[in-house]
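The values are calculated or read from the model by the stated rules, or taken from the named source; none is laboratory data. None of the values given here were measured: they were computed from a predicted structure. Positions of Cβ are backbone-derived with ideal geometry, glycine not excepted, and every protein chain shown enters the neighbour counts.
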């Protein structure tokens, strides 16, 4: 089977999606990025091919995106994660309607994208060098509370009593704030809820700059955290659409772009 | 054709205007000697007090024609007012307000005073924005008076009665055209005060005062008298009929103010108005110095019958400033 | 001992600054093909920025200036050399950060760092700083405190009424008088006329380049255009004009030959906001390396610098000096003025004239005026239907990763829009047939 590949080299994990000619996802994987971007991406790619029993020659086109996109010299095309995310989100939610707003939380960034009628990326916002309110923030919280990131959602819904209020969105300042909250005897659950709302507030402030319209698509690893989703929904007072595998949307978008670029080149050739 | 347009756009409008004004000046002051007679209803100060002018000023006739009893308005005499205005317009439409900037002998004289001042290296004076706005109104008051007073001679004003014939041609009595232009015929007789009646004395005295102010004012302030000129006010009513136009393309304007600096009349809108195409204000005398001073390609244009005959060009600007 | 240590630190900063300038120049020259022959002069000049040979010889006084509003003509007429000292250097920015408040903009910090590290007290006879933004205003006092001869050139905050106009004219007149005292040379109408002509010649060439940049496909990159204007900061005006004339001739020939640096499909951008000053070419380079083209800019370090031409009506100082003053006030689109509708008009005109697909708006963090005016320009552009990318940044290279993602996404979105609008046009054509 001939496939198109999209690879999203993010700051925390490498996501790979393979699609077929009719734009269906054939296979996908998520692996940690680690410190050697290039080697780890190639390894992840290789193991996915082996797992799915696909030959390298069957890959018609490979598009890379994400923070480390330029390092992957093997890619036929590099594309920014904002465009890839918009394309992926539009396609993923096709069955329920037209996506107008995309919220993405990555390992070290926070993005809001507004799509125009045709699904092109219209306006977008992104945090600058500060990693406040990103996946890093959740990781730090989990580490400080001696738990893992995927347990945070569970803790969120176990809250009995009042949530703690976290005023700081800065990852560095928030850490000391959490420690002082612990020292004052606040519950872990309360702190987690506080952290979720703190991130949600920052997201709301950021994406209000581009205007919020339904359908709102929420993706990236942290979108798997149900507690965070609830917090964001409450802050925006709107419902969010979460795809089945939220972390691979951008890689899926890259694969879709790979397919369309391949066809365009075919036409020209 | 292209070469001609280029030549015209690069030309120094100052020099062209200087010579045009001299020719116009001589035709108006001495035209009669060469049997030149361009009409009785000229939209410029061609003073009838001159020996043999090349034409006569519309305003004098207008004042005479308005010495008219109300019941005679619908009559042959009333019709004369309309026909005279039509004659006025027949001349006016060709040059529009450029009659002031290129033909008017009083205007030309003032420009010569300015030249002398510049040669002497003496700085000019200017009105402040506020004063400017106040002074602008005077010409309309004068225009109203030069029609109302003649009406007052022919008709009885309740409580005052009819004005005496000494009030005749009131504007001419205070116009510097009457006192100054005959000097070019060697005639100084208008520079006197007429003591024959109280009214005449007051009027001729005012005329002398205006003449004094005219000399002093025009020396320090460019086109000093033109702010007060009722002819300019009258022309402005008909400016839409003019075939010669000054137009501005506001989208090309950077508001650099070069045109405003060049404007002898100190019209702010020329630089600040980027909305209106038609930029001619009541004080404008269409000298087109602003067009010559504009560095933006095609921002200011002179059109005749909607055809551009002169426009601002970068090259022209550069050539002229060198 | 202490003195030696300080000298060592200064030397280190100087080396770092030279290194940075070298690296940026290398990027500018090596990462792009077909650099024009005529650009060599400017590359070379910038590599020697603020070195001894740039400073004037034969006893000419040196007057440092900041901001575009300082009338160079007067300085030239007084027989001195004007040098604009606004700096774009990150090492000097760091040096300035040591004693300036944290929220100061990078440019101010870099200027202060430069004047702290390099002992310019002997070299500059005067530093002229207009009262544009609050940070520049206070800079004057701090420089004075450091022992510099700093001169505050009073500017009004408005430019649309006569009060401000006369206020500014008077302040320029006073400046002319003070310059005469400082330099010991008289400004006469002859010397001013000469300075006028010199600067107008420079402006004429600058406008030629401006028109060349309108060509689509483009003949010159935006990065080069920035460098040309930057070179004007320190160069002798005659040699700068001559070098630009040569470059313009070369480019005109290239246009005739059908040469271009970017095809007509490349998205064309207008750059506005805080000024990129060499070596801080971070954003322009990001844009052009990612496949965009900065077709034109609206910044005080480039197209605002030499565009507007003054003209006077009467040749006498009483008319010439106010004419110069007017030219530096009325058309200026610095956000330090209220109201500043002219900036919107100008941006809008440039967009139409240069076939612009998108606007890139840079604001230095800490530059309140540009940060705040961003909203106004953004709203205006939204109504006009031109997309804008707003970037808040400073001189440090640490945010390049994030910035390149944003810049690339912006370029991609414009490419997509162009593609779909081109497709629509095709369809319309077909329908008509």
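Odds and ends about this structure:
- Evaluation of residue C:361 against (1) more than 19 Å from residue C:137 (Cβ to Cβ); (2) within 11 Å of another protein chain (Cβ to nearest Cβ); (3) buried (at least 23 other Cβ atoms within 10 Å of the Cβ) (one fails), failing number: (2)
- Matching residues, the range A:160-174, being crowded, with 18+ Cβ neighbours inside 10 Å and either over 20 Å from residue C:392 (Cβ atoms) or at pLDDT 85 or above (or both): A:163, A:164, A:166, A:174
- Tally, over the range A:70-83, of residues that are within 9 Å of chain C (Cβ to nearest Cβ) and either in a loop (DSSP other than H, G, I, E, B) or buried (at least 24 other Cβ atoms within 10 Å of the Cβ) (or both): 5
- Failed item in (1) in contact with a helix residue (DSSP H, G or I) (Cβ under 8 Å, 6 or more places away or on another chain); (2) part of a helix (DSSP H, G or I), with residue A:259 passing the rest: (1)
- Filter pass, residue C:399 being more than 9 Å from every other protein chain (Cβ to nearest Cβ) and under 24 Å from the mean Cα position of the chain (by Cα): no
- Of the residues making up the range C:174-209, not one is at positive phi and buried (at least 16 other Cβ atoms within 10 Å of the Cβ).
- Any hit, the range C:336-350, residues being farther than 23 Å from residue C:105 by Cβ, more than 14 Å from chain B (Cβ to nearest Cβ) and in contact (Cβ under 8 Å) with a residue 24 or more places away in the chain: no
- No other residue among A:223, A:204, A:164 is part of a loop (DSSP other than H, G, I, E, B), touching a helix residue (DSSP H, G or I) at 6+ places or on another chain (Cβ under 6 Å) and touching a residue at least 12 places away in the same chain (Cβ under 8 Å) apart from A:164.
- From the list A:251, A:258, the lone residue that is more than 28 Å from residue A:141 (Cβ to Cβ), in the same structural domain as residue A:81 (by TED's automatic domain parsing), buried (at least 17 other Cβ atoms within 10 Å of the Cβ) and in contact with a strand residue (DSSP E or B) (Cβ under 6 Å, 6 or more places away or on another chain) is A:258.
- Test: residue in the range A:129-136 that is in a helix (DSSP H, G or I), in contact (Cβ under 8 Å) with a residue 12 or more places away in the chain and either within 14 Å of chain C (Cβ to nearest Cβ) or closer than 19 Å to residue A:242 by Cβ (or both): yes
- Screening residue B:249 with (1) away from chain C (no Cβ under 11 Å); (2) surrounded by fewer than 20 Cβ atoms within 10 Å (Cβ to Cβ); (3) in contact with a strand residue (DSSP E or B) (Cβ under 8 Å, 6 or more places away or on another chain); (4) within 30 Å of residue C:208 (Cβ to Cβ) gives one miss only, at (1).
- Residue in the range C:210-226 that is buried (at least 17 other Cβ atoms within 10 Å of the Cβ), within 14 Å of chain B (Cβ to nearest Cβ) and part of a helix (DSSP H, G or I) present: yes
- Any chance residue A:10 is within 14 Å of chain C (Cβ to nearest Cβ), buried (at least 20 other Cβ atoms within 10 Å of the Cβ) and out of contact with any strand residue (DSSP E or B) (no Cβ under 6 Å at 6 or more places or on another chain): yes
- Test: residue in the range C:288-299 that is in contact (Cβ under 8 Å) with a residue 24 or more places away in the chain and in a helix (DSSP H, G or I): yes
- Screening the range B:1-88 for helices (runs of 4 or more DSSP H) wholly inside it with 1 or more residues that are within 16 Å of residue B:150 (Cβ to Cβ), in contact with a strand residue (DSSP E or B) (Cβ under 6 Å, 6 or more places away or on another chain) and free of Cβ contacts under 8 Å to residues at least 60 places away in the same chain returns no ranges.
- Odd one out for residue B:145 among (1) modelled with pLDDT of 90 or more; (2) exposed (fewer than 12 other Cβ atoms within 10 Å of the Cβ): (2)
- Considering residues of the range A:93-128 that are in contact (Cβ under 8 Å) with a residue 60 or more places away in the chain and surrounded by fewer than 16 Cβ atoms within 10 Å (Cβ to Cβ) only, the residue farthest from the other protein chains (Cβ to nearest Cβ): A:96
- Checking residue A:56 against (1) touching a residue at least 12 places away in the same chain (Cβ under 8 Å); (2) surrounded by fewer than 24 Cβ atoms within 10 Å (Cβ to Cβ), the condition it does not meet: (1)
- Considering (1) within 14 Å of chain C (Cβ to nearest Cβ); (2) within 19 Å of the chain's Cα centre (by Cα); (3) not in a loop (DSSP other than H, G, I, E, B), the lone condition that residue B:271 does not fulfil carries the number (2).
- Residues in the range C:402-421 that are at the interface with another protein chain (Cβ under 7 Å from one of its Cβ atoms) and touching a helix residue (DSSP H, G or I) at 6+ places or on another chain (Cβ under 9 Å): C:405, C:406, C:408, C:409, C:412, C:413, C:416.
- Selection status of residue A:147, away from every other protein chain (no Cβ under 13 Å), closer than 15 Å to residue A:206 by Cα and not in a helix (DSSP H, G or I): no
- Test result for residue B:260, without any contact (Cβ under 8 Å) to a residue 40 or more places away in the chain, more than 22 Å from residue B:238 (Cα to Cα) and either more than 14 Å from chain C (Cβ to nearest Cβ) or not in a loop (DSSP other than H, G, I, E, B) (or both): yes
- Test: residue in the range B:170-191 that is in the same structural domain as residue B:33 (by TED's automatic domain parsing), within 16 Å of residue B:68 (Cβ to Cβ), surrounded by 18 or more Cβ atoms within 10 Å (Cβ to Cβ) and under 24 Å from the mean Cα position of the chain (by Cα): yes
- If you check C:377, C:356, C:324 for being at pLDDT 95 or above, more than 14 Å from chain A (Cβ to nearest Cβ) and not in a loop (DSSP other than H, G, I, E, B), only one passes: C:377.
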